[in-house]
Amino acid sequence: MLSAAVLADRFARLGVRPGMVLHVQASLRTLGPVEGGAGGVVDALLEVLGTEGTLVAYTATPENSSTSRIYQAAVAGLSPAEAEAYRERMPRFDPAATPASPTMGALSEEIRTRPGALRSGHPQTSWAAVGPLAAEITAHHPLTSHLGPDSPLGRLYDLDARVLQLGVGMARFTAFHLADLRQPGVQVREYRCVAPEGWTTFQAPDLDDLHFADLGTRVLAAATGVTSARIGTADCRLVPVREAVDLADRFLRTPTDT
């Protein structure tokens with residue numbers, strides 16, 4: 001059983017520092033038993049970051065969208081009438097109350113519900129943050145830049161943030177979307193989701209993460225700022241957002257570059 005004090009020590013050894021902007025991605029099951037569960041992990045992270053640090057989580061709600069994979073799986077096999085009834089039951093997004101998707105992990109929901117946490121207003125791809133830069137990170141999140149440079153994800157790049165991966169692989173390294181959007185010929189598609197005012201439709205880049213695992217392998221082989229360690233029962237790493245995105249951009253433009 002890992003205590004918050006032990007975790008704080010391990011995080012500091014990995015390279016988490018006071019004042020850092022830190023996006024955390026975690027599989028608590030892989031990490032192993034922690035005193036206080038997700039709350040204990042967040043307590044440890046906030047202790048190491050100190051009063052000048054900012055902790056960030058992706059709190060997306062793909063269940064809120066009729067164009068997401070989760071929705072498509074949920075209505076597969078339903079009749080048109082049943083699918084329409086399902087859509088009618090989908091609740092409106094409320095930044096203050098709508099839980100983060102279970103697919104984001106318990107840590108994202110724990111950060112979202114921390115006292116003083118702020119959350120961006122995007123009804124499909126919101127982010128939450130706790131700390132002095134929380135407002136700067138979450139205040140601006142236009143529909144059409146759901147995971148782009150004008151989103152909280154773009155702020156993480158601008159602020160030279162780090163991503164702490166606790167038992168999570170590079171296949172889930174969300175910041176790679178920023179590299180994708182730098183490539184020529186990015187396609188735009190229609191998205192539909194339940195916003196606070198009701199159903200809304202918007203056009204935004206067509207993004208997927210199916211190539212992230214292979215891209216991550218190449219990035220880790222070339223990166224110089226990544227640190228890694230075993231914490232609990234999980235393989236963990238600390239990754240600089242800016243370096244990882246810039247390397248990914250280079251590899252996407254030159255696929256044979258090693």
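The values are calculated or read from the model by the stated rules, or taken from the named source; none is laboratory data. Since this is a predicted model, take the numbers as computed values, not measurements. Quick reminder, even Gly has a Cβ in these numbers, built from the backbone with ideal geometry, and neighbours come from all protein chains shown. Quick note on the areas: whole protein, heavy atoms, side chains included, nothing else; ligands and nucleic acids left out. Shrake-Rupley method; radii C 1.70, N 1.55, O 1.52, S 1.80 Å.
Within the range 88-104, take every residue that is in contact (Cβ under 8 Å) with a residue 60 or more places away in the chain and either in contact with a helix residue (DSSP H, G or I) (Cβ under 7 Å, 6 or more places away or on another chain) or of a type in the set (A, V, I, L, M) (or both) and give me the one that is least open to solvent (accessible area, probe 1.4 Å). Top of the filtered list is 93. No other residue among 160, 150 is under 20 Å from residue 206 (Cα atoms) and either touching a residue at least 24 places away in the same chain (Cβ under 8 Å) or assigned to a loop (DSSP other than H, G, I, E, B) (or both) apart from 150.
From the residues in the range 170-195 that are of a type in the set (Gly, Ala, Ser) and open to solvent by less than 40 Å² (accessible area, probe 1.4 Å), which one is nearest to the chain's Cα centre (by Cα)?
Looking only at the range 170-195, we keep the residues that are of a type in the set (Gly, Ala, Ser), and these are 171, 175, 179, 185, 195.
So of that shortlist, the ones also open to solvent by less than 40 Å² (accessible area, probe 1.4 Å) come out as 175, 179, 195.
On the way: 175: 8, 179: 15, 195: 20 Å.
Within the range 170-195, the match that is nearest to the chain's Cα centre (by Cα) is 175.
A single member of 127, 199 is among the aromatic types (Phe, Trp, Tyr) and closer than 20 Å to residue 21 by Cβ, and it is 127.
Among the residues of the range 122-135, which ones are surrounded by fewer than 17 Cβ atoms within 10 Å (Cβ to Cβ) and without any contact (Cβ under 8 Å) to a residue 60 or more places away in the chain? Full working, then the answer.
So the first thing to find is which residues in the range 122-135 are surrounded by fewer than 17 Cβ atoms within 10 Å (Cβ to Cβ), and the list is 132, 135.
Passing the criteria: only 135.
Based on what the data block shows, is residue 229 in contact with a helix residue (DSSP H, G or I) (Cβ under 8 Å, 6 or more places away or on another chain), of a type in the set (Gly, Ala, Ser) and surrounded by fewer than 17 Cβ atoms within 10 Å (Cβ to Cβ)? Judged against the criteria, residue 229 is a match. Consider residue 87 carefully, then state whether it is part of a loop (DSSP other than H, G, I, E, B) and among the basic types (Lys, Arg). No: the conditions fail for residue 87.
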